[in-house]
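Have a look at the structure below, then the notes.
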Amino acid sequence: MRAWLGNHPLISRFLARSGFFGLHRRTLARGVGVGLFVGLTPTVGIQIFLMAVICLLLRASFPAAFLVSWVSNPLTAPALYFAFNRLGEAVFGDLVRATLTASGMAGKAAMHTAYVGLGSLLIAVPTALLGYTLFLGTWRLSVLRKWRSRGDDGPN
């Protein structure tokens, strides 16, 4: 796909500037953050589209986001959604019950959907920020080790 898009002059220039396929440390770090955020939110079915849009907006690496988003996969999704539901109900239960007054099955479905969405945000936002920070820190340590192994003093 990269080769096909690279043949179009406007698209290739836009993607190069956006860092969409970039391998720079900051674009990769932003891609890790985007992937963790999208992977830990209940966006099944639109995850790739959502990642692509966010990567373009934040100048993040789409391949990094795609790989990291697999933190949520068919094996882990049931446990994650259960945890999101419980966390959302524990933290926002009273607020959601006061806001959503619908009764019956539709009301319960709406409440649990709100719990899952809010609970996922409580996990996804800090995890994405932590992933971004850890990626940059790990990259920095790797560079410093390489400098030291060569016998140099390192970057100024």
What is the distance, in nm, between label points placed 7 Å from the Cα along the Cα-to-Cβ direction at Val91 and at Arg148? 3.7 nm
I'd like the orientation of helix 77-99 relative to the chain: the angle between its Cα long axis and the longest Cα principal axis, in ° from 0 to 90, rounded to 10. 60 degrees
Using only Cα atoms and rounding to the nearest 10 degrees, what angle (0 to 90) does helix 47-58 make with the longest principal axis of the chain? 50 degrees
Computed Rg/Rh of the chain, alpha carbon atoms with Kirkwood Rh: 1.12
Please find the FRET efficiency linking Trp70 to Phe49, where r is the Cβ-Cβ separation and R0 is fixed at 25 Å, and quote it to the nearest 0.05. 0.95
For the stretch 47-130, what relative contact order do you get, as a whole percent, if you take Cα pairs closer than 8 Å and at least 6 residues apart? 29 percent
Pairing the Cα long axis of helix 9-18 with the longest principal axis of the chain, what angle in degrees results, from 0 to 90 and rounded to the nearest 10? 80 degrees
Net charge within 11 Å of Thr138 by Cβ-Cβ distance, Lys/Arg positive one each and Asp/Glu negative one each, not counting Thr138 itself? +3
Ignoring ligands, DNA and RNA, what percent of the accessible area of the chain is carbon or sulfur (1.4 Å)? 69 percent
With every protein chain kept in place and ligands, DNA and RNA left out, what is the accessible area per residue of the chain? Probe 1.4 Å, answer in Å². 65 Å²
Using a Förster distance of 25 angstrom, determine the FRET efficiency expected from the C-beta separation of Ala79 and Leu130, and round it to 0.05. 0.80
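The values are calculated or read from the model by the stated rules, or taken from the named source; none is laboratory data. Just so you know, these numbers come straight off a predicted model, no measurement behind them. As a convention, Cβ positions derive from the backbone with ideal geometry for all residues, glycine included, and neighbour counts pool all protein chains shown. Ligands, DNA and RNA are stripped out before the accessible areas are found, and what is left, the full protein with its side chains, is counted by its heavy atoms. Shrake-Rupley method; radii C 1.70, N 1.55, O 1.52, S 1.80 Å.
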